Amino acid sequence: MKTTIFFLFTLVSLNITAQKLYDLPENVETRWASFENPKAKKGAAAQENKGAKGHPFDRIPAGESIELVNVKGRGVINRIWLTISDRSPEMLRSLKIEMFWDGKSQPAVSVPLGDFFGVGLGKRVAFESAFFSDPEGRSFNCIIPMPFKTGARITVTNESDKQLDAIFYDVNMVQKKHEGKDLLYFHAYWSRDLATAPGTAFTILPKVEGKGRFLGTNIGIFTNKKYEGTWFGEGEVKIYIDGDTDYPSLAGSGTEDYIGTAYGQGTYSNQYQGSLVANKEQGAFAFYRYHIPDPVYFYNDIKVTIQQMGGAPTNKVRELVKNGAELIPVTVDHAPNFTKLLEMENPPKLGDEDFPMGWTNFYRSDDVSATAYFYLNNPTHHLPTLQPQEIRAKNLNKAEIVKNDL
């Protein structure tokens, strides 16, 4: 009986999916934007060089911008693909992608290009997630739906000191009428703290007011060498929603726990969670979590943070302090006991003889950056503007510059 029910459920599910594929909707028109047709106009593509690949790519001189999309009317962007000739960490952080909805002058998205497409730290790696993919480490794909009512504009600005020799792209969309009153617009926010203050959480998404859905984040960390390769990922992600003040409604149990793994962090790529860079020798970690099967809704406001916290055996933590590392011990796991140092009226000091011997968690300082993705019932937000290129591109691990090898 159970087998029969499962078979029927599977058959119904497949049938629903199939109907969506072959069902022809009314009043929906497909449009593509590229350098062959940047305004995605009907019957206006591929006119240059008599249609023989007359404008497949363009260049972006230093300090200049280029427009990828500028369309009027209502619709939904369903896919963005692009590639660039220079995929060095510096260029990936120096190129700025911005998205504007419904004729607004303030961008809903203003993020370094590399970080926007799912991998932090100016890195590229082959991967596939539910929102982003890069089949061979040389391209950028995004399939997050991005609706608009009266228009959409996407630009890329080169804030480096050198020309980008080639950018290829296409943006796939449909023109359609939106049902319902409350349209949710796509937004993305990026920030970096070169040295977090011990005990102060890194803010993934500052407070945003309105209704919407938090889609998730990708985070990049360059660990501080003063902690000598000890574990960095004890910090909890906390999500404050709808009036939360001192304490959040949602909290995890650790950094690697938030991205679905445990007891350390290697490299892997799943649909909703992944760790694309995990290089202990370089102290470089880039990872993501997307809240698709586990939606995070908000109806008044939202803020998202992550603690920068590490851990090591007590003697190792003492050694770190002796060698000049700045840290604040918070808990000690010494089975069968778990000592919460911050709840104690007079907690023992790290160097005291009565300080517990065990796994000691401590606040630490690292270089942290993150991209937050969310929907909001407004085409603009009031978040801080994107940080200058000098901050975005500082102290990045170098990689080979690939030019015109496409």
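Can you list the strands (runs of 3 or more DSSP E) lying wholly within segment 283-352 that have 2 or more residues being under 28 Å from the mean Cα position of the chain (by Cα), of a type outside the set (Asp, Glu) and at pLDDT 95 or above? Spell out the reasoning first.
Details: elements: 284-290, 296-298, 301-306, 309-313, 328-334, 337-340.
Counting at least 2 such residues, we get 284-290, 296-298, 301-306, 309-313.
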Of the listed residues (353, 390, 343), the one being closer than 28 Å to residue 302 by Cα, charged (D, E, K, R) and surrounded by fewer than 20 Cβ atoms within 10 Å (Cβ to Cβ) is 343
Selection count, segment 253-266, where residues are surrounded by fewer than 19 Cβ atoms within 10 Å (Cβ to Cβ), in contact (Cβ under 8 Å) with a residue 24 or more places away in the chain and within 17 Å of residue 129 (Cα to Cα): 1
So residue 396 passes all but one of these: (1) closer than 25 Å to residue 167 by Cβ; (2) exposed (fewer than 14 other Cβ atoms within 10 Å of the Cβ); (3) at pLDDT below 95. Which condition number does it fail? (2)
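Please work out if residue 382 is farther than 23 Å from residue 289 by Cα, surrounded by fewer than 18 Cβ atoms within 10 Å (Cβ to Cβ), free of Cβ contacts under 8 Å to residues at least 60 places away in the same chain and in contact with a strand residue (DSSP E or B) (Cβ under 9 Å, 6 or more places away or on another chain).
Values: farther than 23 Å from residue 289 by Cα: yes; surrounded by fewer than 18 Cβ atoms within 10 Å (Cβ to Cβ): yes; free of Cβ contacts under 8 Å to residues at least 60 places away in the same chain: no; in contact with a strand residue (DSSP E or B) (Cβ under 9 Å, 6 or more places away or on another chain): yes.
Criteria not met by residue 382.
Give me the strands (runs of 3 or more DSSP E) completely within segment 146-195, filtered to those with at least 2 residues that are farther than 26 Å from residue 303 by Cα, ordered by residue number.
Values: elements: 146-148, 151-158, 164-175, 185-193.
Filter on segment 146-195 gives 151-158, 164-175.
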Please list, ordered by first then second residue, the pairs with beta carbon atoms under 9 Å, 6 or more apart or interchain, first in segment 270-292 and closer than 8 Å to residue 259 by Cα, second assigned to a strand (DSSP E or B) and of a type in the set (Lys, Arg). 273/289; 274/289
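Residues to consider are 181, 211; find the one that is at pLDDT below 95, more than 30 Å from residue 395 (Cβ to Cβ) and surrounded by fewer than 20 Cβ atoms within 10 Å (Cβ to Cβ). Working first, answer last.
On the way: 211 fails: at pLDDT below 95.
Only one candidate qualifies: 181.
For residue 270, state whether it is buried (at least 20 other Cβ atoms within 10 Å of the Cβ), polar (S, T, N, Q) and within 17 Å of the chain's Cα centre (by Cα). Can you show your working first?
Working: buried (at least 20 other Cβ atoms within 10 Å of the Cβ): no; polar (S, T, N, Q): yes; within 17 Å of the chain's Cα centre (by Cα): yes.
For residue 270, the condition - buried (at least 20 other Cβ atoms within 10 Å of the Cβ), polar (S, T, N, Q) and within 17 Å of the chain's Cα centre (by Cα) - is not met.
The values are calculated or read from the model by the stated rules, or taken from the named source; none is laboratory data. Since this is a predicted model, take the numbers as computed values, not measurements. Heads up, the Cβs are rebuilt from the backbone with ideal geometry, glycines too, and the neighbour counts pull from every protein chain shown.
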